[in-house]
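Input: a single structure, listed below in structure tokens.
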Amino acid sequence: MKELFRFLNDRILQFAFAIWGAVCASFAKVFPFAIVCTLLILADCVTAWGLSRRVKEKHPGLSTGKFKSQEMGRVFISLIKTYAALLLAQLVESTIFEGAPIRLVNIVAGAVCFWQVWSILENESSCNDADWAKILQKIMVDKTERHFDIDLSDLKELSGKKNDKMTGGDGDDKPKSSKQRKDENQG
């Protein structure tokens, strides 16, 4: 009985290590791409934390400014999805497009990197008063409202009321130039 148990145990371990070796061999070509994608996902995480700190500083009481475990869970899910996409691209490239000049792993890694760099720029430009950030906000999403429980349009309305003198107060969203405001003040 002991010999049977030992034999089965050895075969199960042998099978497990064979599977592990196959996974490692499949991942070997993907590993450099996975490292780059992981670094960018972690950089996105750091910039999101920096955004949370800026939101806390600019709007006290509405944000904790801390990195929450819920967000860490989303980071792990993003990493798992990225690794799965890279492995799947490698499998498709090596089995279906065998010998073709297409490099799916490069394409998938490039898409993930673009997505993360875009998110990093969104994080850095959100809740930021710098000129470059205002330019980026014209084409990117403002992620400020994700860091507290109110709608960003409420803050923009409050901000808009303060800027009525700049826009003329007539509901026109186009700001008046300094020359137009100077002419109105003189006339």
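Derivation of every value follows stated rules applied to the coordinates shown; laboratory data play no part. Every value quoted in this text rests on a predicted model; they were computed, and no experiment measured them. Cβ atoms come from the backbone with ideal geometry, glycine included; neighbour counts cover every protein chain shown.
A few remarks follow.
Conditions tested, residue by residue: (1) surrounded by 11 or more Cβ atoms within 10 Å (Cβ to Cβ); (2) farther than 18 Å from residue 122 by Cα.
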{"residue": "25", "(1), (2)": "no, yes"}
{"residue": "29", "(1), (2)": "yes, yes"}
{"residue": "33", "(1), (2)": "yes, yes"}
{"residue": "37", "(1), (2)": "yes, no"}
{"residue": "42", "(1), (2)": "yes, no"}
{"residue": "45", "(1), (2)": "yes, no"}
{"residue": "56", "(1), (2)": "yes, no"}
{"residue": "59", "(1), (2)": "yes, yes"}
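- Selection count where residues are exposed (fewer than 13 other Cβ atoms within 10 Å of the Cβ) and assigned to a helix (DSSP H, G or I), scope the range 119-144: 4
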